[in-house]
Amino acid sequence: MHKRTLIKNAVLVNEGEVYEGALLIQNHHIEQVLRGRDAMPTQPADQVIDAQGAYLLPGVIDTHVHLREPGYTHKGDMRTETAAAAAGGVTTVLDMPNTVPQTLTFEALEEKMALAKAKSLVNYGFYIGASNTNAEELSKINPRHVCGIKVFMGSSTGNMLVDQEEALRKVFSLQGLPIVTHCEDSVTIAENMQAAKAAYGYDPEVAQHSEIRSAEACYRSTALAVKMARECGTRLHVAHVSTAKELELFSAEDKHITAEVCLPHLVFTTADYARLGTRIKCNPAVKSATDRDALRTALNGDIVTTVGTDHAPHLLSEKVGGAARAVSGMPMVQFSLPAMLGLVDEGVLSIARLVQLMCHNPAETFQIENRGYLREGYKADLVVVRPDSPWTLTPNLIESKCNWSPLEGRVFRHRVEKTFVNGYLLYNNGHITDYDHTGEAVTYDR
Ligand code: DOR
Ligand code: ZN
């Protein structure tokens, strides 16, 4: 039995174009993409949704999330955090390996796949993590089973540091999978922490976090990653680049060495510690307004190719203390699309570019098959966004288990109205329609 749903009277944003049209879903796939206000599909639809002029975008692919399962399920789990994703128009998430156990082996990966199959509301893929000793294991991984290899070149939550140059070179020499790095130089951070503790005591104020996890720490580590990727021919995507200076290390000619920018670094600066304290403590730390503005400008260039969230939920009770004691990371996945559309309103980027950075390029970077575009035959991962529908972020709207957001109190002009995952209407006007309806493992064209 074919079931067809027509979404009509929409403004489609896809592959650089913004146009009035309609889209026909057949079961799990996009059957037709239609141009023109009155375009009619060749097949009759069982159900018609009148978008009434709302935007229709490909579902967002967030290539940087921490779902927290297994091991940290008091902070979040696959069901709660993917519900947050769906409510934010995010239809695919790529999850990081700093769980317990760490995703360093094929067995750990299989365990996550099984959990996601049972619990993830949206589509999913997993990174395998690198360690100082697992290059051999990584070389045996089937590249179609993981989205990429995550390398912590600076330790963060979960302590997964790869700090031996030989180990790093072995990992960078592996071919066939994108390497995604967290770049912060540990030696620089340790020195800065020691100096801060000497000056301010054992737990310096949170504002010191950006001095401790400094711009210099980022620069040194990213410089090493880029240099090594040039030497080894690595497909390198540097995660959450947070400073203006790091951007200078990249070259538009080196198409295989690219950067991700994450939402915290686009919307917060060090000035926000006064108001938000440890809520915005993350690694890499938020930086100066100059850095934020350079990152915003870079959204329109050739270096930054994806925008992720680094969705990293923690309980507020774990956020007590200062630069040394409070945990790092903030929940973000539910509000990244409305927040980025706010930057569109501010003139920072066009909506077509947003779709490229959050939908098309994530699919391209990780070679995800049949997703990330409004194309006939592709999976019907879709989001309907209503502009001019202002709302205020209040805790009752939050799906993440931790139940707080650093963006609380913000007013957004765009509202995520509907999210379709594989053709299924999973989020509709403020409600997850079925917390037991699961997404799929994404597949990779490699
Ligand atoms: O702030 C962060 N939080 N940065 C990371 O690299 C890890 C993340 C987490 O897992 O909490
Ligand atoms: Zn992260």
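The values are calculated or read from the model by the stated rules, or taken from the named source; none is laboratory data. This structure is a prediction, so every number in the text was calculated from the model and none was measured. Positions of Cβ are generated from backbone atoms using ideal geometry, with glycine treated the same way; all protein chains shown enter the neighbour counts. In case anyone asks, the SASA skips ligands and DNA or RNA and just uses the protein heavy atoms, side chains included. Shrake-Rupley method; radii C 1.70, N 1.55, O 1.52, S 1.80 Å.
Provide the per residue accessible area, probe 1.4 Å, for the chain, rounded to a whole number of square angstrom. Mind showing how you got there, number by number?
Numbers: 16420 Å² over 446 residues.
Value returned for the chain: 37 Å² of accessible area per residue.
Taking region 297-446 on its own, what percent of its Cα-Cα pair distances exceed 26 Å? Working shown, then result.
On the way: 3781 of 11175 pairs.
For region 297-446, the share of Cα pairs beyond 26 Å comes to 34 percent.
Starting from region 100-140, pick out the GluC sites (Glu not before Pro) whose DSSP state is loop and whose Cβ has at most 13 other Cβ atoms within 10 Å.
Those that pass, being in a loop and sparsely packed, number zero.
Please sort by residue number the trypsin sites (Lys or Arg not before Pro) in region 76-179 whose DSSP state is loop and whose Cβ has at most 14 other Cβ atoms within 10 Å.
Qualifying residues, ordered by number: ARG144.
Size of the dipole of region 13-159 about the Cα centre, Lys and Arg at +1 and Asp and Glu at -1 on the beta carbon, nothing else charged, in debye to 20?
Values: 11 positive and 17 negative charges, 69 e Å.
About 340 debye.
Pop out the ³J(HN,Hα) list for region 314-322 in order, Karplus 6.51 cos²θ - 1.76 cosθ + 1.60 with θ = phi - 60°, rounded to Hz; leave Gly and Pro as x.
Here the 3J(HN,Hα) series is 9, 6, 4, 5, 8, 9, 7, x, x Hz.
Classify region 341-400 as rounded, prolate or oblate, taking a ≥ b ≥ c as the square roots of the eigenvalues of its Cα gyration tensor: rounded when a/c is under 1.5, otherwise prolate if a/b is larger than b/c and oblate if not. Each step should come with its number before you reach the end.
Working: a/c = 2.11, a/b = 1.55, b/c = 1.37.
In terms of gyration-tensor shape, prolate.
Can you give the net charge of the other residues whose Cβ lies under 13 Å from the Cβ of ALA167, counting K and R as +1 and D and E as -1? Don't skip to the answer; put the middle values down first.
On the way: positive: ARG169, LYS170; negative: GLU136, GLU137, ASP163, GLU165, GLU166.
Spelling it out: positives minus negatives among the neighbours equals -3.
For the peptides 414-423, 345-354, 371-380, what is the packing order when you average, over each peptide's residues, the other Cβ atoms within 10 Å and list the highest mean first? If you can, show how the numbers build up before the last one.
Numbers: 414-423: 23.9, 345-354: 15.4, 371-380: 20.4.
My ranking of the peptides, most packed first, is 414-423, 371-380, 345-354.
Regarding the chain, what's the average projected area of the Cα-atom convex hull, expressed in nm²?
Working: hull surface 78.7 nm².
It is 19.7 nm².
Enumerate the amide H contacts of ASN283 below 5 Å, restricted to partners 5 or more residues apart or on another chain; note that Pro and chain-start residues carry no placed amide H.
Excluding prolines and chain starts, which carry no amide H, the hits are GLY329.
Among LEU57, LEU121, LEU393, whose mean-square fluctuation peaks in a Gaussian network model of the chain (Cα, cutoff 10 Å)?
LEU393
Which of the aspartates and glutamates could a cross-linker bridge to LYS245, judged by Cα under 15 Å and excluding same-chain residues fewer than eight apart?
Candidates past the 8-residue exclusion: GLU184, ASP185, GLU216, GLU260, ASP291, ASP293.
Step through the table entries LYS281/LYS401; LYS140/LYS255; LYS8/LYS418; LYS117/LYS170; LYS112/LYS287, compare each Cα-Cα distance with 22 Å, and write down the pairs that go over it.
Values: LYS281/LYS401 19 Å; LYS140/LYS255 26 Å; LYS8/LYS418 14 Å; LYS117/LYS170 32 Å; LYS112/LYS287 33 Å.
Too far apart for the 22 Å limit: LYS140/LYS255; LYS117/LYS170; LYS112/LYS287.
So how exposed is MET193, as accessible area in Å² (1.4 Å probe, rounded to 10)?
50 Å²
Within the chain, what whole-number % of the accessible surface is contributed by carbon and sulfur, with the 1.4 Å probe and all protein chains included in the calculation?
Numbers: 7980 of 16420 Å².
About 49 percent, which is the carbon plus sulfur part of the accessible surface.
Going by the alpha-carbon gyration tensor, a ≥ b ≥ c the square roots of its eigenvalues, is region 378-437 rounded (a/c under 1.5) or, if a/c is not under 1.5, prolate (a/b greater than b/c) versus oblate?
Oblate shape, in that a/c is at least 1.5 and b/c is the bigger or equal ratio.
In a GNM of the chain with a 10 Å cut-off on Cα contacts, which of LEU382, LEU23, LEU34 has the highest mean-square fluctuation?
Maximum fluctuation in the GNM of the chain, among the listed residues, is at LEU34.
Give a residue-ordered list of calculated ³J(HN,Hα) values for region 397-403 (Karplus: 6.51 cos²θ - 1.76 cosθ + 1.60, θ = phi - 60°; whole Hz; x for Gly, Pro).
Taking θ as phi minus 60°, the curve returns 8, 7, 8, 4, 4, 5, 6 Hz for region 397-403.
Between the DSSP loop rule and a limit of at most 14 other Cβ atoms within 10 Å, which trypsin sites (Lys or Arg not before Pro) in region 239-302 are left? Present the calculation step by step, with values, prior to reporting the outcome.
Details: sites: LYS245, LYS255, ARG275, ARG279, LYS281, LYS287, ARG292, ARG296; in loops: LYS255, LYS281, LYS287.
Filter output for region 239-302: LYS255.
Show me, for region 430-444, the HN-Hα J-couplings you get by feeding each phi into the Karplus relation (A = 6.51, B = -1.76, C = 1.60, θ = phi - 60°), rounded to Hz, glycine and proline as x.
Values per residue, Gly and Pro as x: x, 10, 6, 7, 7, 6, 9, 8, 9, x, 10, 5, 6, 10, 10 Hz.
Do you know the relative contact order of region 291-410, to the nearest whole percent, from alpha carbon pairs under 8 angstrom that are 6+ apart? Kindly include the intermediate steps, with their values, before the conclusion.
Details: 110 pairs, mean separation 29.2, N = 120.
Computed value for region 291-410: 24 percent relative contact order.
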